[in-house]
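The values are calculated or read from the model by the stated rules, or taken from the named source; none is laboratory data. All figures in this text were calculated on a predicted structure; none of them were measured in a lab. Glycine gets a Cβ as well: all are built from the backbone with ideal geometry, and neighbour counts include every protein chain shown.
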């Protein structure tokens with residue numbers, strides 16, 4: 001004989017499972033492109049494990065530096081700057097936390113030309129548990 005408490009518990013678990021299944025998995029790769037005229041300060045939120053592809057295009061006469069991370073343990077970066085001054089980097093959100101990415105763009109035509117410009121991206125990495133792992137933990 002089942003009690004009404006058992007039926008309510010099973011119904012709640014099934015409702016919760018259905019709600020979890022409706023939440024999309026995080027994307028594997030997120031791309032961010034900065035073009036001349038875009039804001040110099042941006043923020044992004046990513047789930048742990050997400051790859052973040054970053055492309056910074058310079059204005060005419062400028063060249064980007066590499067991108068530095070204030071906390072490489074949160075977001076590890078790999079990439080470089082090509083011959084046209086475009087910075088292309090890929091980062092992987094390794095651990096939950098926050099890091100600030102910084103790059104500068106320098107005018108190439110004249111050393112006494114316009115001052116360097118600084119671009120920053122604040123990246124908030126959230127811990128992430130897959131739906132399957134969450135459901136498994138609830139059903140144990």
Scan of the range 36-54 for residues that are closer than 12 Å to residue 93 by Cβ, touching a residue at least 60 places away in the same chain (Cβ under 8 Å) and assigned to a strand (DSSP E or B), ordered by number
44, 45, 46, 47, 52
Of the residues that sit in the range 73-89 and are farther than 28 Å from residue 109 by Cα, touching a residue at least 24 places away in the same chain (Cβ under 8 Å) and part of a strand (DSSP E or B), which one is farthest from the chain's Cα centre (by Cα)?
77
Residue hits (the range 52-65; at pLDDT below 95 and either in contact with a helix residue (DSSP H, G or I) (Cβ under 6 Å, 6 or more places away or on another chain) or exposed (fewer than 15 other Cβ atoms within 10 Å of the Cβ) (or both)) are 59, 60, 61
Looking only at the range 132-140, decide whether some residue is surrounded by 14 or more Cβ atoms within 10 Å (Cβ to Cβ) and either over 26 Å from residue 39 (Cβ atoms) or modelled with pLDDT of 95 or more (or both).
yes
